[in-house]
1. How long are the semi-axes of the ellipsoid equivalent to region 87-157, from square roots of 5 times the Cα gyration tensor eigenvalues, in whole Å, largest first?
2. How would you order 83-94, 189-200 from highest to lowest mean count of nearby Cβ atoms within 10 Å?
3. Going by a ≥ b ≥ c, the root eigenvalues of the Cα gyration tensor, does region 63-123 fall in the rounded group (a/c under 1.5), the prolate group (a/b larger than b/c) or the oblate group?
4. Checking the a/c ratio against 1.5 first, then a/b against b/c, what shape does the Cα gyration tensor give for region 9-139?
5. As an exercise, use a Förster radius of 35 Å and the Cβ-Cβ distance of residue 201 and residue 134 to find the FRET efficiency, rounded to the nearest 0.05.
6. Using only Cα atoms, find the angle between the long axis of helix 113-125 and the longest principal axis of the chain, and express it within 0 to 90 degrees, rounded to the nearest 10.
7. Beta carbons within 10 angstrom, averaged per residue: use that to sort the peptides 12-23, 154-165, highest first.
8. Helix 142-154 against the longest principal axis of the chain: what's the angle in degrees, Cα atoms only, rounded to the nearest 10?
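Nothing in this text is a laboratory measurement; each read-out follows from the coordinates by a stated rule. Just so you know, these numbers come straight off a predicted model, no measurement behind them. Methodologically, a virtual Cβ is constructed for each residue, glycine included, from the backbone with ideal geometry; neighbour enumeration extends over all protein chains shown.
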């Protein structure tokens, strides 16, 4: 494996039952890089992420993470190897406190001082979570719930953070704050980020490179600067 490549996916196909959703997808992600997957509703973006995580079975192709093919490994093993996931809809345990939700993210780890250090790191990133650490997660605002979902993923001590629909249902000011935080994560904690985002402008503002998925297949890939300047992207996704 190229030492610069963290995640390399080749010729991935997947779907549900007899229905194929993804067709021959190949992407790669370097260490510390932020990459976005953009496209319209129903294009296959979330299915793609869930295939990487193991929630959707891989039909064909390979998912290579840290030099190892993980395409047939169970989801918990992929998390243990260093893939953290903040899913669409957050999927928090609403009857548990914020802190208990965060600690659930460390379920694959030995409960030692490093977990406490990472908890303090998450509270440093999201000061609102520290203030509300004993509050039930179901009583948080949408933005606070998204912070908790990302914080829980970070508690797995990931090398790759996967985020499905970062901005969904959030006020623009909250999204701007999350963009700043995720940018600093990639720089300072050396965590690569792979994100799916329906708001293409948000995705292109945050990421280094992007892939466009349409009808379950990758149709474009480039730097986000070049994608933002592309006539098709402007017309189809940016309203220009």
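1. 18, 12, 11
2. Averaged packing, sorted descending, gives the order 189-200, 83-94.
3. oblate
4. Since a/c reaches 1.5 and a/b is larger than b/c, the shape of region 9-139 is classed as prolate.
5. Details: r = 36 Å, r/R0 = 1.04.
Result of the calculation: an efficiency of 0.45.
6. The helix 113-125 is inclined about 70 degrees to the chain.
7. 154-165, 12-23
8. 90 degrees
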